[in-house]
Amino acid sequence: MHRLPPVDRIPAPLARRIALAAQGLAGARPPVAAGTRQLRTLVERLAVVQIDSVNVVSRSHYLPAFSRLGPYRHADLDRLHHPRHDVFEFWAHEASYLPVRLQPFLRWRMAAAEQHAWGSMLRVQRERPDYVAALLERVRDAGPLKASELGEQRPSTPGQMWNWHPGKAALEYLFYVGALTARSRTAGFERVYDLTERVLPPAVVAAPTPARPDAVRELVRTASRALGVATEMDLRDYFRLPVADARTAVAELAEAGQLLPVEVEGWDRLAWLDPAARRPRGARARALLSPFDSLVWERPRVERLFGFRYRLEIYTPAAQRVHGYYVLPFLLGDRLVARVDLKADRQAGVLRVQSAHGEAPQPDPEVATELAAELELLAGWLGLSAVQVADRGDLAPLLTAAVG
């Protein structure tokens, strides 16, 4: 039987500040541009930086660092992946960049591909195992390989998200089981696959594989540090862990004093506090957040922390969208105070604000002023020369005036 320490109680505003501090969003940005050292520290703090192919504003993995550190060179973040290999790609929350130290702790997932992989990845391995093995040997003998080099045609099945040809599916299966990893990405963001032992640092490759319970416990511990205060579901969702494994790990960490049970004002379930979490008295954040940012990717947690109902409407028919196609929440202080539907019009050199909605009952001039400054900073970082605001949303008139 696992014995828990007495349950502490914390107010909702403190829980928000703890979460923001854990995510690197409680303080002001550094006064000078971040380099690879600061970016590496940030990835270590977040542990998971989600990758997504949508490039309406920017590739999503670039935005969390901008939100926290301000303008930096995209190439410095790229270098963490290649050639430095301080980070590696794998399926964590979703497709993600992770600190390379975590690779041994995800090998249990690689070994259990039959339970965790999906679709054409599994189908090609089951139906054409010789083809999959031959592709692995091709990479072993001839070196790095892109799926586009195989010359195969994608199947014509409209509406399918994972519409891969057999070669791509086979490479993705080998990627999932850990035989291959991404050496780099092309300018078009295509994976370049290579043998894992030729890409990752030798010390990581040689590291022993932890037993699955030990690995899951480390992943839950890592999630706790990244979240600060979190429910069991939050901790489980960070690395998309199986329910039973995560629940056991939480209980064991609690018994060891590495997670503290807390009741958070307004939350309807027990939460867990990282004992080392900072408890700041205030927050000075000003940031636009990617829909795939680890602060907001779990929508029920966003509602619990901020009272902010957030839905990604990319796959909603245009006529049914409430706020827009690619909507970024705006964080000011310790609250999510607005949301904007953004599009980087690179041909025109303009950051287009297609809608702007505030969270207050009445549009707030201070929010508009701060949001305008953040949009101008973002536009400059993206290499765009202007911000243009469309007349949609209750905050749009004030934002238009503030940008002007």
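Things to note:
- Across the stretch 121-151, the number of residues qualifying as within 10 Å of residue 171 (Cβ to Cβ) and touching a helix residue (DSSP H, G or I) at 6+ places or on another chain (Cβ under 6 Å) comes to 8.
- Each residue in the stretch 306-329 was checked for being hydrophobic (A, V, I, L, M, F, W, C) and modelled with pLDDT under 95, and 5 of them qualify.
- Qualifying residue in the stretch 385-404 (condition: open to solvent by less than 10 Å² (accessible area, probe 1.4 Å), out of contact with any helix residue (DSSP H, G or I) (no Cβ under 7 Å at 6 or more places or on another chain) and among the aliphatic types (A, V, I, L, M)): yes
- Complete set of residues in the stretch 34-62 that are of a type in the set (A, V, I, L, M, F, W, C) and under 30 Å from residue 113 (Cα atoms): 42, 43, 46, 47, 48, 49, 51, 54
- Odd one out for residue 168 among (1) in contact with a helix residue (DSSP H, G or I) (Cβ under 9 Å, 6 or more places away or on another chain); (2) in a loop (DSSP other than H, G, I, E, B): (2)
- Selected residue (only one of 144, 129 is touching a strand residue (DSSP E or B) at 6+ places or on another chain (Cβ under 6 Å), open to solvent by 20 Å² or more (accessible area, probe 1.4 Å), outside the structural domain of residue 40 (by the TED database) and not polar (S, T, N, Q)): 144
Residue-wise test of (1) assigned to a loop (DSSP other than H, G, I, E, B); (2) in contact (Cβ under 8 Å) with a residue 24 or more places away in the chain; (3) small (Gly, Ala, Ser); (4) over 29 Å from residue 350 (Cβ atoms).
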position: 15; (1), (2), (3), (4): no, yes, yes, yes
position: 28; (1), (2), (3), (4): yes, yes, yes, no
position: 53; (1), (2), (3), (4): yes, yes, yes, no
position: 58; (1), (2), (3), (4): yes, yes, yes, no
position: 62; (1), (2), (3), (4): no, no, no, no
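- Condition broken by residue 195, with the remaining ones in (1) touching a residue at least 60 places away in the same chain (Cβ under 8 Å); (2) open to solvent by less than 50 Å² (accessible area, probe 1.4 Å); (3) not polar (S, T, N, Q) satisfied: (1)
- The strands (runs of 3 or more DSSP E) located wholly in the stretch 253-300 that include 1 or more residues which are open to solvent by less than 20 Å² (accessible area, probe 1.4 Å) and more than 21 Å from residue 93 (Cα to Cα) occupy 260-264, 285-288.
For (1) open to solvent by 10 Å² or more (accessible area, probe 1.4 Å); (2) of a type outside the set (Asp, Glu), each residue gets a yes or a no:
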{"residue": "37", "(1), (2)": "yes, yes"}
{"residue": "42", "(1), (2)": "yes, yes"}
{"residue": "47", "(1), (2)": "no, yes"}
{"residue": "52", "(1), (2)": "yes, no"}
{"residue": "55", "(1), (2)": "yes, yes"}
{"residue": "58", "(1), (2)": "no, yes"}
{"residue": "63", "(1), (2)": "no, yes"}
{"residue": "66", "(1), (2)": "no, yes"}
{"residue": "79", "(1), (2)": "yes, yes"}
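- Against the test of being over 30 Å from residue 253 (Cβ atoms), within 21 Å of the chain's Cα centre (by Cα) and hydrophobic (A, V, I, L, M, F, W, C), the options 277, 344 yield a single qualifying residue, 344.
- Some residue of the stretch 228-241 being aliphatic (A, V, I, L, M), surrounded by 19 or more Cβ atoms within 10 Å (Cβ to Cβ), in the same structural domain as residue 140 (by the TED database) and more than 17 Å from residue 100 (Cα to Cα): no
- Scanning the stretch 297-310 for residues that are within 19 Å of residue 358 (Cβ to Cβ) and either of a type in the set (Asp, Glu) or touching a residue at least 40 places away in the same chain (Cβ under 8 Å) (or both) yields 303, 305, 306, 308.
Here is a yes/no grid of residues against (1) of a type outside the set (Phe, Trp, Tyr); (2) under 16 Å from residue 240 (Cβ atoms); (3) assigned to a helix (DSSP H, G or I); (4) under 21 Å from the mean Cα position of the chain (by Cα):
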residue	(1), (2), (3), (4)
76	yes, no, yes, yes
88	no, no, no, yes
101	yes, no, yes, yes
115	yes, yes, yes, no
120	yes, no, yes, no
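- Any hit, the stretch 349-364, residues being free of Cβ contacts under 8 Å to residues at least 40 places away in the same chain, open to solvent by less than 10 Å² (accessible area, probe 1.4 Å) and either within 29 Å of residue 15 (Cβ to Cβ) or of a type in the set (Lys, Arg) (or both): no
The values are calculated or read from the model by the stated rules, or taken from the named source; none is laboratory data. Since the structure is predicted, the reported quantities are computational estimates derived from the model, not experimental observations. Using ideal geometry, Cβ is built from the backbone for each residue, glycine included, and neighbour counts are taken over all protein chains shown. The area values use the complete protein model at the heavy-atom level, side chains included, leaving out ligands, DNA and RNA. Shrake-Rupley method; radii C 1.70, N 1.55, O 1.52, S 1.80 Å.
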